[in-house]
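Notes follow once the structure below has been shown.
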Amino acid sequence: MRRAVFLDRDGVLNRAIVRAGKPHPPANLSELEIPADVPDALRDLRAAGFLLIGATNQPDVARGAQTRAMVEAINAALCARLPLDEIRVCYHDDADACDCRKPQPGLLLQAAHAHAIDLAASFMIGDRWKDIQAGRRAGCATIQLDHGYAEAWRGAPADARVRSLREAAEWILGRITTEAILR
C-alpha cells in the first residue's frame with residue numbers, strides 16, 4: 001500500500017480569488033497563481049515517498065459559470081508546473097447529491113482504489129471545511145490551510161491548522177519522522 005497527500009486545488013495548490021471574504025476558483029489561466037512555497041513543499045513530500053493527488057470540487061461547470069475545458073486547462077497547467085500525480089475533479093453541484101463532491105470522500109476513495117493507497121497513512125490538505133470532512137470520512141489525517149475566509153466552519157476541526165502549504169508539509173514530515181522513531 002502507498003501513502004498519499006490529497007490536496008484541494010483552489011486555496012492550496014493555487015491562490016483562490018477572494019471576493020467579499022469568500023474563495024473562488026480562477027476563471028481562466030491568466031488568473032492562475034501558484035504561491036511561491038508550493039513547488040518546494042510538494043517536492044519535499046514527493047521525496048518522502050508520497051503520491052500527490054489533487055481533489056477539487058468545480059461546481060461552476062454544473063452551474064454554467066465555467067466550462068469543463070477551462071477547468072481541465074487550469075488542471076493541466078498545474079500538473080505541468082507542479083509534481084502532481086493527478087487531479088481528480090467533481091463537476092457536480094450540491095443538488096446532484098453525488099458521492100464525489102466533498103465533503104463526501106468519493107474522490108479520495110476512487111484514488112485510493114486506483115493507486116492502492118493506504119488512507120490511514122495518508123493526509124488531506126484543504127482550506128475549507130468540506131475538504132477536511134472529506135479527508136476525515138476517508139480516514140486520512142487532515143490539515144487546514146487557514147486563509148481567514150469569512151465563512152462558517154462546519155464539522156470537526158482539522159488535525160492541524162497552518163498558514164501555508166510549506167507549514168503543512170513540515171507538519172506531515174515531522175509526523176512521519178516521529179512515527180518512524182516510535183517503531
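Data table
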| quantity | calculated |
| --- | --- |
| Pairs with Cβ under 8 Å, 6+ apart, first in the stretch 76-100 and free of Cβ contacts under 8 Å to residues at least 40 places away in the same chain, second of a type in the set (Ser, Thr, Tyr) | ARG88/THR56; VAL89/THR56; CYS90/THR56 |
| Among (1) touching a strand residue (DSSP E or B) at 6+ places or on another chain (Cβ under 8 Å); (2) surrounded by fewer than 22 Cβ atoms within 10 Å (Cβ to Cβ); (3) among the aliphatic types (A, V, I, L, M) - the single one ALA156 does not satisfy | (1) |
| Strands (runs of 3 or more DSSP E) contained in the stretch 101-165 and holding at least 1 residues without any contact (Cβ under 8 Å) to a residue 24 or more places away in the chain | 141-145, 160-162 |
| Boolean, ARG88 is of a type in the set (Lys, Arg), within 22 Å of GLY135 (Cβ to Cβ) and more than 16 Å from the chain's Cα centre (by Cα) | no |
| VAL18 surrounded by fewer than 15 Cβ atoms within 10 Å (Cβ to Cβ), within 20 Å of HIS147 (Cβ to Cβ) and modelled with pLDDT of 95 or more | yes |
| Candidates ILE132, ILE143, ILE74, ILE87, filtered to the one that is within 15 Å of ARG3 (Cβ to Cβ) and either in contact with a Pro (Cβ under 7 Å, 6 or more places away or on another chain) or buried (at least 17 other Cβ atoms within 10 Å of the Cβ) (or both) | ILE143 |
| Complete set of residues in the stretch 51-67 that are touching a residue at least 60 places away in the same chain (Cβ under 8 Å) and either on the phi > 0 side of the Ramachandran plot or surrounded by 22 or more Cβ atoms within 10 Å (Cβ to Cβ) (or both) | ILE53, ALA55, ASN57 |
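Here is a yes/no grid of residues against (1) modelled with pLDDT under 95; (2) assigned to a loop (DSSP other than H, G, I, E, B); (3) β-branched (Val, Ile, Thr):
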{"residue": "ILE34", "(1), (2), (3)": "no, yes, yes"}
{"residue": "PRO39", "(1), (2), (3)": "no, no, no"}
{"residue": "ALA80", "(1), (2), (3)": "no, no, no"}
{"residue": "ILE87", "(1), (2), (3)": "no, no, yes"}
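The values are calculated or read from the model by the stated rules, or taken from the named source; none is laboratory data. This structure is a prediction, so every number in the text was calculated from the model and none was measured. Note that we place each Cβ from the backbone using ideal geometry, even for glycine, and neighbour counts take in every protein chain shown.
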